[in-house]
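**Q** I have a structure here, written as structure tokens, and I will follow up with some questions on it.
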Amino acid sequence: MSGATIALIPDAGPSWPQWYRFGVADEYGVFQIRGLAPGRYTAFAFYDDPPCEFYDSDEMPSCRSKGRDVAVAEGSQTIVELPLAK
């Protein structure tokens, strides 16, 4: 997954796009996204085009089914294995 874009979308969804976080996987597929607010997120990994429209509230239920649920606690580190979205 070298160079894949990683997106974390909060459960609040499209109403809070300023809380969306993005990163890029390194040559080993490893990524870090720091400074997340505690809460639940859906994580996605993709290359050119996202698997769905993250900013459209009508699309979010189907979007979430294409990602991986992640819970973030204050001061924690979480390891997530993400499939590459198609």
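Quick note: the coordinates plus some simple rules give every number you see, no bench work behind them. These numbers come from a predicted model, not from an experiment. Cβ coordinates were reconstructed from backbone atoms using ideal geometry, including for glycine residues, and neighbour counts include every protein chain displayed.
**Q** Percent relative contact order of the chain, based on C-alpha pairs within less than 8 angstrom and at least six residues apart?
**A** That works out to 32 percent.
**Q** Among ILE9, ILE79, which comes first, then next, by fewest other beta-carbon atoms within 10 Å?
**A** ILE79, ILE9
**Q** Per residue of the chain, what 222 nm ellipticity follows from adding -39500 (n - 2.57) for every DSSP H run with n ≥ 4, rounded to the nearest 500?
**A** Result for the chain, helices only: -1000 deg cm²/dmol.
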